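**Q** I'd like to ask you about the structure that follows.
The values are calculated or read from the model by the stated rules, or taken from the named source; none is laboratory data. Everything numeric in this text was worked out from a predicted model, so none of it was measured. So basically every Cβ, Gly included, is an ideal-geometry build from the backbone, and we count neighbours across all protein chains shown. Remember, those area values only see protein heavy atoms, side chains included, never the ligands or the DNA or RNA. Shrake-Rupley method; radii C 1.70, N 1.55, O 1.52, S 1.80 Å.
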Amino acid sequence: MSQPNRNQSLLSQRAAIILLLGALAAIGATVLTVLAGGSMASGLLAGGGAFGAAVLFFNTIIS
């Protein structure tokens, strides 16, 4: 029986960059919403929407 490859990564570099950029967009949207006078709940909802949109956007433009 062969040993499993211990150097195998969980995510590819492309996927990690896309998720990182999505998380940064979500944090930015959350902070800006709360600073503009919104509640924390509305900030988190805006951040969630920004995360989804950013992941779709960056998945499209990063090849």
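**Q** Rank 47, 37, 22 by mean-square fluctuation in a GNM of the chain with C-alpha springs under 10 angstrom and give only the top-ranked residue.
**A** The residue with the greatest mean-square fluctuation here is 37.
**Q** At R0 = 22 Å, how high is the FRET efficiency between residue 32 and residue 61 if r is their beta carbon distance? Nearest 0.05 is fine. Walk me through the numbers on the way to the answer.
**A** On the way: r = 22 Å, r/R0 = 1.02.
Efficiency, rounded to the nearest 0.05: 0.50.
**Q** Could you look at the chain and say what percent of its accessible area is carbon and sulfur, using a 1.4 Å probe and all protein chains?
**A** Working: 3340 of 4860 Å².
Carbon and sulfur atoms account for 69 percent of the accessible area of the chain.
**Q** Compute the long axis of helix 13-35 from its Cα atoms, compare it with the longest principal axis of the Cα atoms of the chain, and write down the angle in degrees, 0 to 90, nearest 10.
**A** Rounded to the nearest ten degrees, it is 20.
**Q** Normalised by the residues of the chain, what does the relative contact order come to in percent, with Cα pairs under 8 Å and at least six apart? Don't skip to the end; give the middle numbers.
**A** Values: 47 pairs, mean separation 22.7, N = 63.
Once divided by the residue count of the chain, the mean separation gives 36 percent.
**Q** A further question on this structure: Hey, can you find the accessible area per residue of region 1-41 for me, probe 1.4 Å, expressed in square angstrom?
**A** Working: 3450 Å² over 41 residues.
Ligands and nucleic acids excluded, the result is 84 Å² per residue.
**Q** Also, quick follow-up: Between the helical axis of 40-61 and the dominant principal axis of the chain, each derived from Cα atoms, what acute angle in degrees is found, rounded to the nearest 10?
**A** Between helix and principal axis, roughly 50 degrees.
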